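A.B. asks: Take a look at the following structure, please.
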Amino acid sequence: MTSETDILVKSDLVNQIADQFEDIPVKHISFAVNTIVELMSTALISGNRIEIRGFGSFSLNYYPPRKAHNPKTGKVVATIGKYRAHFKPGKGLKARIMTQHRAETTS
């Protein structure tokens, strides 16, 4: 990934892992990545928090119902409460990001 517009998708992740582990078939790596994503999704759906030390944590945040304005009509509408997935970067990831971006801005 070279610029802010680049996006790393799951297939890119699988290919990068396959490049590092040439003796493992890509279909096995793909299965492993899909399994990890599915297990993480299931954990979040169940209300569990996921912690990956040095990377960050995933959790659900609840947003209660509230009153909002429809900008077209100006009417007040009631929204329903909802859960959203939340990612909080860990100290190690924060430090690596800051180090990288400091180096880019000073060069």
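A.B. asks: Filtering the range 23-64 down to residues that are β-branched (Val, Ile, Thr) and either touching a residue at least 40 places away in the same chain (Cβ under 8 Å) or assigned to a helix (DSSP H, G or I) (or both), which residue is surrounded by the most Cβ atoms within 10 Å (Cβ to Cβ)?
C.D. replies: ILE29
A.B. asks: Of the residues that make up the range 10-19, is at least one among the hydrophobic types (A, V, I, L, M, F, W, C), surrounded by 12 or more Cβ atoms within 10 Å (Cβ to Cβ), within 14 Å of the chain's Cα centre (by Cα) and in a helix (DSSP H, G or I)?
C.D. replies: Scanning the range 10-19 turns up at least one residue that is among the hydrophobic types (A, V, I, L, M, F, W, C), surrounded by 12 or more Cβ atoms within 10 Å (Cβ to Cβ), within 14 Å of the chain's Cα centre (by Cα) and in a helix (DSSP H, G or I).
A.B. asks: Touching a Pro at 6+ places or on another chain (Cβ under 6 Å) and either part of a strand (DSSP E or B) or hydrophobic (A, V, I, L, M, F, W, C) (or both): does that describe ILE97?
C.D. replies: no
A.B. asks: Could you give every pair whose Cβ atoms fall below 6 Å, whose first residue belongs to the range 71-94 and is surrounded by 10 or more Cβ atoms within 10 Å (Cβ to Cβ), and whose second residue is modelled with pLDDT under 95 and outside any loop (DSSP other than H, G, I, E, B), counting only separations of at least 6 or pairs across chains?
C.D. replies: VAL77/ALA68; THR79/ALA68
The values are calculated or read from the model by the stated rules, or taken from the named source; none is laboratory data. Since we're looking at a predicted model, the values are computed, not measured. A quick note on method: Cβ atoms are made from the backbone with ideal geometry, for glycine too, and the neighbour counts reach across all protein chains shown.
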